[in-house]
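The values are calculated or read from the model by the stated rules, or taken from the named source; none is laboratory data. Just so we're clear, the structure is a prediction, and the values are computed from it rather than from any experiment. Positions of Cβ are generated from backbone atoms using ideal geometry, with glycine treated the same way; all protein chains shown enter the neighbour counts. Accessible surface areas use protein heavy atoms only, side chains included; no ligands, DNA or RNA. Shrake-Rupley method; radii C 1.70, N 1.55, O 1.52, S 1.80 Å.
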Amino acid sequence: MARILEMEEIAPAFKSFIIHDPVIARRHRAGQFVMVMLHEHSERIPLTIADSDAVRGTIRLVVQEVGKTTMEMGALRPGDSIQVVGPLGKPTHIENFGTCVCVGGGAGIAPLLPIALALSKAGNKVVSILGGRTQELVILRREMEEVSDEIYYTTDDGSFGVKGLVTHALDKYIEESGQPQLVIAIGPAVMMRAVAEQTRPLGIPTLVSLNTIMIDGTGMCGGCRVRINGENRFVCVDGPEFDAHAVDFDRMMQRQRIYLEQEELARRRFFENHECRATASGG
């Protein structure tokens, strides 16, 4: 079992966990993820490693509380133990490409951080475009600024950076600075699809990291199946990164909606149980 050393709320519904697991910390490479179980009755959830420290023996996981299990994880505290398996997935291919634009939206900024760092260490010029609904939801700004040569911010409401979408900022960058050698986009599926359609006619190589439904993380269950160039692939073992122009985003987004009813029911039961316990303890 891995142990939680530190926990910090970094934005509304976002928590950062420092987990002690020396083996995973030593083996981790940019782009990889872990499967987490909170207890023996918990579901398994995939979480991309945002950072690792081989000397300290720790990994950093950034969690957005959107479902029952992530909300349950958000209630954990330093000293608690969880089961962590990994690192899983294929690492990001890193070399000196030239100029690389890293596009991150919301929770997608966390997995983008180690990739941007690795690209910077390989001698690339790293340009980061980060977006969120509001200023508070553009997470990890300090960390991304440290690994970026240039950085641009967008928010839906205009509370920070430029009002608009990350695709607007990418358009402007390409218009003013020319085409980069590589674009990496991580965030909501609709955002990644928009970036892919934006770079496709320009012939800019583009990668996306697909955070689809995963159950076991080993390719056995087929829950994370996606269509890549018309063929079935499994995100957990064949990815999580794929050529953005080859991904069937429409089919992937349909699969992500399959369990919406069950997910909402689980969230509602979680809230009801917590409210009952809080009422009982306060009564």
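Computed 3J(HN,Hα) for segment 58-70, one whole-Hz value per residue from the Karplus formula 6.51 cos²θ - 1.76 cosθ + 1.60 where θ = phi - 60°, is 10, 10, 10, 10, 10, 10, 9, 7, 10, x, 4, 6, 5, glycine and proline marked x. Placing unit charges on the Cβ atoms only, positive for Lys and Arg and negative for Asp and Glu, gives segment 58-113 a dipole magnitude near 20 debye about its Cα centre.
Only one residue of V34, P46, P22 has its Cα farthest out toward the positive end of the dipole of segment 11-66, where Lys and Arg carry +1 and Asp and Glu -1 on Cβ, and that residue is P22. Entry for segment 81-185 at q = 0.14, 0.18 Å⁻¹: log10 I(q)/I(0) = -0.54, -0.84, Debye formula applied to identical alpha-carbon scatterers, no solvent contribution. Placing +1 on the Cβ of every Lys and Arg and -1 on the Cβ of every Asp and Glu, with nothing else charged, gives the chain a dipole about its Cα centre of roughly 480 debye. When you work out D = kT/(6 pi eta Rh) for segment 119-242 at 4 °C and 1.567 mPa s, using the Kirkwood radius from C-alpha pairs as Rh and the Stokes-Einstein form, the result is 81 µm²/s. Sorting the segments 158-167, 188-197, 73-82 by their mean number of nearby beta carbons within 10 angstrom, highest to lowest, gives 188-197, 158-167, 73-82.
Can you show me the helix-derived [θ] at 222 nm for the chain, built from DSSP H runs with n ≥ 4 at -39,500 (n - 2.57) apiece and divided by the number of residues, rounded to the nearest 500. If you can, show how the numbers build up before the last one.
Working: 9 runs with 91 residues, N = 283.
Result for the chain: -9500 deg cm²/dmol, rounded to the nearest 500.
Of the trypsin sites (Lys or Arg not before Pro) found in segment 17-88, those in coil by DSSP whose Cβ has at most 14 other Cβ atoms within 10 Å are R56.
Helix 109-121 and the long axis of the chain differ in direction by around 50°, with both axes built from C-alpha atoms. Here the accessible area is traced with a 1.4 Å probe on the protein chains. For segment 1-148, carbon and sulfur cover 46 percent of it.
Close amide H pairs (under 5 Å, H built 1.01 Å from N) link V101 with V127, L182, V183, I184, residues at least 5 positions away or on another chain. Solvent-accessible area of E72, all protein chains in place: 40 Å² (probe radius 1.4 Å, heavy atoms, ligands and nucleic acids excluded). Note on segment 161-221 and segment 64-98: Cα centroid distance 21 Å, given to the nearest whole angstrom. Average accessible surface for the chain: 49 Å² per residue, computed with a 1.4 Å probe over protein heavy atoms with every protein chain in place. Put simply, the C-alpha atoms of segment 108-165 give a gyration tensor, and the ellipsoid matching it has half-axes of 22, 11, 8 Å, longest first.
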